[in-house]
Amino acid sequence: MSSMDDAVAVVRESLRPRLAQTLLALDFDGVLAPIVERPQDARALPGTAELLTQISPRVAQVAIVTGRPASDAVQLGGLADVPGLVVCGHYGLERWMGGRLETPSSDSAVDEARVRVAELVAQRPGTAIEDKGHSVAVHTRRAPDPAASLEDLRPLVSAIAEDTGLQVTPGRFVLELRPRGADKGVAVRQLAAEAGAAAVVYGGDDLGDLPAIEAVRALEADGMLGVIICSDGTEVATELREAADLVVPGPEGVQRALRSLLL
């Protein structure tokens, strides 16, 4: 048995008495879906919907917590028929459940940021704007030097944030401008409270997941069991690896871990 198998076995034994009161909350990109160059090309790993469907009756709640619009994650993941699934989009600003989407009205600050980010992108070959509706992101993954391009854009995007009152969320070769007051930590806390959870299993892979991890650790201090799964890859932040209880190789590893822990 490998050290990873040993670690999974230990976590499984801790979860077993609380399984029916467990919240399973997962990021979409990099956790359920492999990372791709263009966000619109992302697809959940084959078998994802079937796996979540199997897990759903065994736990208190299955949820996706993503920076994407909720409907995008549902469509790209093929997740519409997963029973009881809740999808928190835009870091919790949106919520999809049972085919119904709750979404806030448009934000004039995001509208202004969209125009200004488009101007930045037009001047920088290889960069791209992603309009998420309630937020706007600039990607540098396809630039000649993605890291240098990101650093070039960082102060300019920060200036837009300061002018509009939005906040900047960094990620892998991406800077996202979005409204303040919503993050994955807030979403996870709310989901845990609604589910009456005694345990939370959270899977993430990027800097945007750190607030969710911090929320899980805070819930642990209140007596809840917390399990953090890091979906590892070449671009995963060191902070995420260090914060995780289990580090697994990408979405394939996430699927294997979930089967071992929850089925």
Under 9 Å between Cβ atoms, at least 6 apart or on separate chains: pull out the pairs that start in the range 203-224 with a residue that is in the same structural domain as G89 (by TED's automatic domain parsing) and end on any residue that is part of a helix (DSSP H, G or I) and of a type in the set (F, W, Y). G208/Y91; P211/Y91
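Hey, which of the strands (runs of 3 or more DSSP E) in the range 192-263, taking only ones fully inside, have at least 1 residues that are of a type outside the set (A, V, I, L, M, F, W, C) and buried (at least 19 other Cβ atoms within 10 Å of the Cβ)?
Values: elements: 199-204, 225-232, 246-249.
In the range 192-263, the matching strands (runs of 3 or more DSSP E) lie at 199-204, 225-232.
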Take E112 and decide whether it is under 28 Å from A25 (Cα atoms) and either modelled with pLDDT of 95 or more or buried (at least 16 other Cβ atoms within 10 Å of the Cβ) (or both). no
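What about G181, is it outside any strand (DSSP E or B) and either at pLDDT below 95 or over 28 Å from V157 (Cα atoms) (or both)? Don't jump to the end; show me each part of the working.
Details: outside any strand (DSSP E or B): yes; either at pLDDT below 95 or over 28 Å from V157 (Cα atoms) (or both): yes.
Criteria met by G181.
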Apart from one, (1) under 19 Å from G165 (Cα atoms); (2) not in a loop (DSSP other than H, G, I, E, B) all hold for R95; the odd one out is (1)
Filter the range 22-52 down to the residues that are among the polar types (S, T, N, Q) and surrounded by 17 or more Cβ atoms within 10 Å (Cβ to Cβ), then identify the one that is nearest to L76 (Cα to Cα). T48
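Inside the range 95-108, can you point out the residues that are crowded, with 17+ Cβ neighbours inside 10 Å and at pLDDT below 95?
Step one: of the range 95-108, the residues crowded, with 17+ Cβ neighbours inside 10 Å are 95-96, 107.
Correct list: D107 only.
Every residue in the range 119-128 that is aliphatic (A, V, I, L, M) and either crowded, with 16+ Cβ neighbours inside 10 Å or part of a loop (DSSP other than H, G, I, E, B) (or both), please. Break it down into steps so the answer makes sense when it comes.
Filtering the range 119-128 down to residues aliphatic (A, V, I, L, M) leaves 120-122, 128.
Selection gives L120, V121, A128.
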Looking at R141 and the list (1) assigned to a loop (DSSP other than H, G, I, E, B); (2) exposed (fewer than 13 other Cβ atoms within 10 Å of the Cβ); (3) among the charged types (D, E, K, R), which single condition is not satisfied? (2)
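Could you tell me whether the range 205-219 includes any residue that is of a type in the set (V, I, T) and more than 16 Å from L32 (Cα to Cα)?
Going residue by residue through the range 205-219, those that are of a type in the set (V, I, T) are 213, 216.
Then drop every residue that is not more than 16 Å from L32 (Cα to Cα), which leaves 213, 216.
Yes: one or more hits.
The values are calculated or read from the model by the stated rules, or taken from the named source; none is laboratory data. Keep in mind it's a predicted model, so treat the numbers as computed, not measured. No Cβ is skipped: glycine too gets one built from the backbone with ideal geometry, and neighbour counts run over all protein chains shown.
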